[in-house]
Amino acid sequence: MHVAKRLEQIGAYLFADLDRKQEQLKAKGVDVISLSVGDPDLPTPAHIVDALTEGARDPRSHRYPSYVGEKDFRSTVAAWFRKRFGVSLDPDTEVLALIGSKEGLAHLPWAIVDPGDVVLVPDPGYPIYRSSTILADGVPHPVPLLRERGFLPDLSAIPQEIARRAKVLFLNYPNNPTAATASMEFLTEAVEFARRHDILLAHDNAYSEITYDGYVAPSILEVDGAKDVAIELHSLSKTYCMTGWRIGFAVGSAAAVGALGRIKTNIDSGIFRAVQRAGVAAMAGPQDGVTERLRVYQARRDRVTKALRSIGWEVPDIKATIYVWLPVPGGMTSAQFTSAVLEKTGVLVTPGTGYGAHGEGYVRLSLTIGDTRLDEALGRLVDAFGRVSAPPAGSRATTR
Ligand code: PLP
């Protein structure tokens, strides 16, 4: 059978590869603890599950849903957005339901990019921006996210010729994998850049609600005039522990939302109505569960930070997302360090290079496993690496 060449360009999905590695080790009897994928371990709240159950029993759910999302869901999104960001949206033209934000990110270039057009892709970045560009016959142009710039791109460094050919700029703050956040000042600069070069700014805001220490993440649509040039993608996955349910939404520029909707009407048939009903329950219902979950992640963040700093690893301060973007200690490459960690401890972390060439020198750890296993993983890391990296007095330095 012939397999399309574009598949070679995008390769296997990072986490599919890591899953395979994990399964191989488990088959050999290794007790693998994965700090790799960002998939909340906490259950979906009961009132959301109840809404799904009710929805599933309703015969109206058994038929094809609306392509663009049920009116009720879109209106709920608009109400949530107004309350959360102070931005008004027209639920009919500026809101589109997505089968998870990944689906919207994957299809967006098809709606905006012609063959040979450039797409500006953060590096490191969520891998979909690059692969969806390639699938649409676009040309991804990596925009480095460097530590010395707080992992914000230097838009003024993008060559004029590239900016001229660019049709989309992907941004993502709070950021996966670096956990960086963006100020309103930077977002304003990005909107101006998009306007100047007639580029669609696609802001992935999947982690807008996962923030700590009082930090509140903005929407790109809070910038004056952003709706002319920007689309923002949101996810219910992490906020409401609904990764398996596949529901998110796109908001912003009516032209971009409409174009993405047109692609979707041609290839999918919307989200199961019962899941949309659950989405309404999530966004319109009580939000105290969100706060409670943030407390859990924050406590894990603090434990990871304390344990890894105790063995001399340089853990940055993290005020958003469920990730720790850790500079690789001891001058190893990301791949070497990932293998060393796996071999010595059975702990799986994600090599930074999985997110682009500028991820070299980093690994990503996720805060989405239960406390007992997290402590076990940290204990193994401290035991295995504490001796090498000159542990401070009092840290554990014996093998378990
Ligand atoms: N965007 C970013 C930056 C992510 O990290 C993820 C998932 O990990 C997504 C989007 C996809 O989320 P969803 O479950 O809504 O497809």
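The values are calculated or read from the model by the stated rules, or taken from the named source; none is laboratory data. Everything numeric in this text was worked out from a predicted model, so none of it was measured. Heads up, the Cβs are rebuilt from the backbone with ideal geometry, glycines too, and the neighbour counts pull from every protein chain shown. Protein only, heavy atoms only, side chains kept; ligands, DNA and RNA dropped before computing areas. Shrake-Rupley method; radii C 1.70, N 1.55, O 1.52, S 1.80 Å.
Of note:
- Net dipole in debye of the chain [+1 Lys, Arg Cβ; -1 Asp, Glu Cβ; about Cα centre; nearest 20]: 800 debye
- Fraction of accessible area attributable to carbon and sulfur, the chain (%, probe 1.4 Å): 53 percent
- Span-rule helices in the chain, defined as complete DSSP H runs reaching 18 Å or more along the axis (Cα) with Kyte mean at least -1.0: 14-27, 71-85, 184-197, 254-267, 371-386
- Each of residue 60 and residue 336 was given a label point 7 Å from its Cα along the Cα-to-Cβ line. The distance between the two points is 6.2 nm.
- Secondary-structure-derived ellipticity at 222 nm for the chain, considering helices only, amounts to -13000 deg cm²/dmol, per-run term -39500 (n - 2.57) for DSSP H runs with n ≥ 4.
- Using a Gaussian network model of the chain in which every pair of alpha carbons under 10 angstrom is joined by a spring, one finds that among 199, 220, 158 the greatest mean-square fluctuation is at 158.
- Taking the centroid of alpha carbons for each part, the range 228-255 and the range 34-84 are 12 Å apart.
- When +1 charges are put on Lys and Arg Cβ atoms and -1 charges on Asp and Glu Cβ atoms, the dipole computed for the range 213-298 relative to its Cα centre reaches about 460 debye.
- The accessible area of residue 185, taken with all protein chains in place and a 1.4 Å probe, comes to roughly 150 Å².
- Around residue 30: net Lys/Arg minus Asp/Glu count, Cβ-Cβ under 12 Å: +2
- Accessible surface comparison of 215, 355, probe 1.4 Å, protein chains only, largest first: the order is 215, 355.
- Separation of alpha-carbon centers, the range 311-362 and the range 96-163, rounded to whole Å: 23 Å
- Once the Cα gyration tensor of the chain is diagonalised, semi-axes √(5λ) in Å: 34, 26, 21
- Mean sequence separation of contacting Cα pairs (under 8 Å, at least six apart), scaled by the length of the range 324-376, corresponds to a relative contact order of 39 percent.
- Among the lysines of the range 46-284, pairs that are 8 or more positions apart or on different chains and have alpha carbons within less than 26 Å of each other number 17.
- For residue 9 and residue 41, the FRET efficiency from 1/(1 + (r/R0)^6), where r spans their Cβ atoms and R0 equals 30 Å, is about 0.35.
- What you get for the range 1-62, charging only the Cβ of Lys and Arg (+1) and of Asp and Glu (-1), is a dipole of about 360 debye around the Cα centre.
- The listed residues 74, 60 rank as 60, 74 when sorted by accessible area, largest first, using a 1.4 Å probe.
- Here's the picture: charge each Lys and Arg Cβ at +1 and each Asp and Glu Cβ at -1 in the range 73-198, and of 76, 124, 112 the one pushed furthest to the positive end of that dipole is 76.
- Neighbourhood net charge (11 Å Cβ-Cβ; Lys/Arg +1, Asp/Glu -1) for residue 206: -1
- Under the criterion of Cα pairs below 8 Å and six or more residues apart, the relative contact order for the chain equals 23 percent.
- DSSP-defined beta bridges in the range 46-284 - what % are antiparallel, rounded to 5: 35 percent
- Annotation: the antiparallel percentage among DSSP beta bridges lying fully within the chain is about 45.
- Packing around the peptides 333-339, 176-182, taken as the average count of other Cβ atoms within 10 Å per residue, puts them in this order, highest first: 176-182, 333-339.
- In the context of the full set of protein chains, the chain has a per residue accessible area of 43 Å² (1.4 Å probe).
- Around residue 86: net Lys/Arg minus Asp/Glu count, Cβ-Cβ under 13 Å: +1
- Highest-MSF residue in the chain out of 286, 316, 45 [GNM, Cα springs under 10 Å]: 286
- GNM top mover of 88, 101, 34 - the chain, alpha-carbon springs below 10 Å: 88
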